[in-house]
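The values are calculated or read from the model by the stated rules, or taken from the named source; none is laboratory data. Every value quoted in this text rests on a predicted model; they were computed, and no experiment measured them. For neighbour counting, all protein chains shown are included, and Cβ atoms are generated from backbone atoms with ideal geometry for every residue, glycine included. Accessible surface is based on the protein model in full, side chains and every heavy atom, while ligands, DNA and RNA are left aside. Shrake-Rupley method; radii C 1.70, N 1.55, O 1.52, S 1.80 Å.
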Amino acid sequence: MANIGELLVEAGLQREKLDECRKITGETGDTLDRVILQKNYLPEKDVLEVYASALGMDFRGELEGTQVPSDFINNVPVHFARNYNLIALGRNGMGTLQVATCAPLDAHPMDDLGALIGEDIDPILSPRIEITSLIARAYRHKADGVDEALADVAEDGDFAHLAEEIDEGEDVLDVSNKAPIIKLVNTILFQALKLRASDVHFQAFPDRLQVRFRIDGILYDMDTVPRKVHEAIVSRVKIMGKMDIAERRLPQDGRATLRIGDGEVDVRISTVPTTNGERIVLRLLDKSSKLYTIDEIGLTEANSAMLREFLGYSHGIILVTGPTGSGKTTTLYAGLTELDTTTLNVLTIEDPVEYSLASVSQVQVNTKKGLTFAAGLRSFLRQDPDIMMVGEIRDLETAEVAIRAALTGHLVFSTVHTNDSASTITRLIDQGVEPYLVSSSIVLVIAQRLVRTICKHCHQIRPITEEDAAKLRKVGLDPAALGGQIAFGPGCDECFQSGYSGRTAIYEFMPVDEALRTEVMDGTTATQIKRSAVGRGMITLREDGRSKILAGLTSPDEVLRVTQMDIE
């Protein structure tokens, strides 16, 4: 191991820390690579590259776009792949199956896998996050044991042992030795996370319990659960959210944290009593999901340049507006990732904290204890901040504190629920903020919507039909501008036959210039503010949507769906 030790030192590991890790290895029996990663002494990528070099193994830093062989998915249970972080990447020139692992010194799982599939294996080292992401993508169309869990529930019939305390941060992959109902709920949640669902609905009908997932903003019916286990599922979910399982006549809210292997998912739970029994909705916030940068959220070059310019301001308020689920927080986070946190003090108050950001101090709202957006923001002013992010400006108090912060030399990011950029200005004035404070503090308003993108797997081009032409004209596009052809997705297994997979955003950037300040002071209406801004060159949401249609990214249906309430 001396050779590996020297290579680790060359990679940046201090010698005394190497000695410390070796000592822990001797005491605990853990492998050296695992101890170094647990201590966070070196990035995983660097550790794996060292071991790949020393052991003569290949290293792959990224697995995006890798096609997992179907025989591996069919023959290896998802729980085996997840538990040991193993996934096939294909076959090498000699026909040997290449399997990615993040544990170079743990040979037993590889041996078990070889015995399971009856093949020789060529191990490849890859980071854990790349492996877990590829496993999620590869297995997302498998039934995932929901049918098996339902069969177990049907056989069991005894739900009394349900009300056991949930482990803190339960791992939904760990279904061994669990009561059938727990196994069923965990399996449904795992399936939802694999399919990138943002919400899980358990909707009661007279004869069944329907499970529905919201994927890319659209609800899909998934599994149907027998009516007799409805109350058991409700009780189980209430236990997860530390709610009162005896109270069935009043709405309740709860929160839980789930683990998926190494990743964490925050779950917000809501129950309401209906005529058919209690209905549950779980909002899933995957903390390990990818943080987007400004270049990845669908901005045009002009808009990304404008956003970067305003991020460099020393003071003022940047507001992002749109309905719930329009990606406002993602845009704010993308802006935060651009900041140099080594020279700036950045603080955020959110409800809830959706992503963990390195070098940013993040605070979660706790209204029961009096920690509101306004109270948190007020306390931030005593923390010597440079930049502050407030999850949402909901009331006059929060708005006034944010404006005071902006006027005393701080840059403030926040969100507001309005239809477009112009109505954001009038909304704040309607809330009671003086027009002169609004005009002097706000520097940029960004309105946005999310549109589904045409599925990459079944993306095709077809001649424009009369129906397409009518929709294009409604959006404001001349069909001739597309050269007589339009992009569409006929539907495939990858996109649930919908023709869409993933989403991008359309934007409306309205910088607050001198002309706009004068209009605000004069009490101009939102419609007049918007017309005036368009006259000065502002690109509206629908115009940005048109450019995405011309680029073949989305369809006229999508742009019409999300911009129907907007004033052109």
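What to note about this one:
- Qualifying trypsin sites (Lys or Arg not before Pro) in the stretch 330-387, where qualification requires a DSSP coil assignment and no more than 14 other C-beta atoms within 10 Å, comprise ARG382.
- Per-peptide average of other Cβ atoms within 10 Å, ordering 112-118, 123-129 highest first: 123-129, 112-118
- Folded to 0 to 90 degrees: helix 128-138 orientation relative to the chain principal axis, Cα: 80
- Stokes-Einstein, applied to the Kirkwood radius of the stretch 333-403 over Cα pairs at a viscosity of 1.306 mPa s and 10 °C, places its translational diffusion at 127 µm² s⁻¹.
- Mean accessible surface per residue for the chain, computed with a 1.4 Å probe while every protein chain stays in place, in Å²: 46
- Among TYR84, TYR333, the order of accessible area from largest down is TYR84, TYR333, computed with a 1.4 Å probe on protein heavy atoms.
- Peptide packing: for 203-209, 443-449, the average count of neighbouring Cβ atoms within 10 Å per residue gives the ranking 443-449, 203-209, highest mean first.
- Cα gyration tensor category, rounded, prolate or oblate, for the stretch 215-323 with a/c compared to 1.5: prolate
- Antiparallel bridges, percent of DSSP beta bridges restricted to the chain (to nearest 5): 65
- Amide H contacts for LEU371 (H built 1.01 Å from N in the peptide plane; partners 5 or more residues away or on another chain; cut-off under 5 Å): ASN366.
- Centre separation in Å (Cα based) which lies between the stretch 364-398 and the stretch 404-429: 14
- Formal net charge of residues neighbouring PRO104 (Cβ-Cβ distance under 14 Å; K, R +1; D, E -1): -4
- Under 5 Å, built H, 5+ apart or other chain: amide partners of ILE87: ALA100
- DSSP-defined antiparallel bridges as percent of all bridges, the stretch 38-125, nearest 5: 35
- Using 0.36 nm per residue and subtracting the Cα-Cα separation, the extra length available between GLN564 and ASP71 on full extension is 172.9 nm.
- Antiparallel bridge percentage (DSSP; both residues within the stretch 342-479; nearest 5): 10
- For the chain, the list of Cys residues with no other Cys C-beta under 4.7 Å reads CYS21, CYS102.
- Cα lying deepest toward the dipole's positive end in the chain, options MET388, ILE182, ILE4, charges on Cβ: MET388
- Rounded percent of accessible protein surface that carbon and sulfur make up, the stretch 272-318, 1.4 Å probe: 52
- Computed FRET value (nearest 0.05) for LEU291 with THR31, which takes r as the C-beta separation and R₀ as 25 Å: 0.25
- Efficiency of FRET from Cβ geometry, THR343 and ARG517, R₀ 35 Å, rounded to 0.05: 0.70
- Members of LYS471/LYS548; LYS194/LYS287; LYS474/LYS548; LYS183/LYS287; LYS290/LYS456 lying beyond 21 Å, as alpha-carbon distances in this model show: LYS183/LYS287
- For TYR436, solvent-accessible area (1.4 Å; no DNA, RNA or ligand), Å²: 120
- Reciprocal of mean inverse Cα separation for the stretch 3-101 (Kirkwood radius, Å): 15.4
- Shape of the stretch 272-396 from the C-alpha gyration tensor: oblate (a/c of 1.5 or more and a/b not above b/c, with a ≥ b ≥ c the square roots of its eigenvalues).
- Spatially, the stretch 292-352 and the stretch 458-490 are offset by 33 Å when compared through their Cα centroids.
- The accessible-area ordering, largest first, of the residues THR372, THR324 stands as THR324, THR372, per a 1.4 angstrom probe.
- Basic side chains Lys and Arg get +1 at the Cβ, acidic Asp and Glu get -1 at the Cβ, and with that the dipole of the chain about its Cα centre reaches some 1480 debye.
- Tilt relative to the chain, helix 541-550 - C-alpha long axis, 0 to 90 degrees, to 10: 50
- Comparing the chain with the 2.2 N^0.38 Å rule of thumb, its C-alpha radius of gyration ratio is 1.08 (two decimals).
- Cα centroid separation - the stretch 98-120 against the stretch 56-74, whole Å: 13
- Summed residue charge, Cβ within 10 Å of ASP33's Cβ, Lys/Arg positive, Asp/Glu negative: -2
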